[in-house]
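The values are calculated or read from the model by the stated rules, or taken from the named source; none is laboratory data. Fair warning: this is a prediction, and the values are worked out from it, not measured in the lab. For neighbour counting, all protein chains shown are included, and Cβ atoms are generated from backbone atoms with ideal geometry for every residue, glycine included.
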Amino acid sequence: MTPEQDAEDIWAGAAQKGIGKYLQGQAEHKTAFWSAGAEWYAGELENEILDLVSYFYHLRKRLKAIRAVAELMATDEVGLHEAAAMLKDLTDSHPPRPRQKT
């Protein structure tokens, strides 16, 4: 896929998720969107954004650590077995769980 296709897929997925959240809010609260519905919707989107930010923060930290292991291998500071153990530890760590919705 090209970066343009990736971007289109990301935006399409975000739009579908946003529509789903809106419909969920309407079903649960049965209120007009511009009264209580808009506040709930904004809160749900804020929670999604915070979850994504924490996920990408975790991902960037892991990628930075993987790059550091590659640099150690390139300079022969660590051997293959030690690097494999370091990479296993990095790839075994899981991203943060989504926040509990309030």
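Filtered by the rule that a residue be in a helix (DSSP H, G or I) and either in contact with a His (Cβ under 6 Å, 6 or more places away or on another chain) or surrounded by 10 or more Cβ atoms within 10 Å (Cβ to Cβ) (or both), the stretch 68-81 gives Ala68, Val69, Ala70, Glu71, Leu72, Met73. Close Cβ contacts (under 6 Å, 6 or more residues apart or on different chains) running from residues in the stretch 60-76 that are closer than 16 Å to Asp89 by Cα and among the charged types (D, E, K, R) to residues that are part of a helix (DSSP H, G or I) and modelled with pLDDT under 90 comprise Arg62/Leu90.
The rows are residues; the columns are (1) closer than 30 Å to Glu82 by Cα; (2) in contact with a Cys (Cβ under 6 Å, 6 or more places away or on another chain); (3) modelled with pLDDT under 75.
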{"position": "Trp11", "(1), (2), (3)": "no, no, no"}
{"position": "Gly20", "(1), (2), (3)": "no, no, no"}
{"position": "Ala36", "(1), (2), (3)": "no, no, yes"}
{"position": "Gly43", "(1), (2), (3)": "no, no, no"}
{"position": "Lys61", "(1), (2), (3)": "yes, no, no"}
{"position": "Ala70", "(1), (2), (3)": "yes, no, no"}
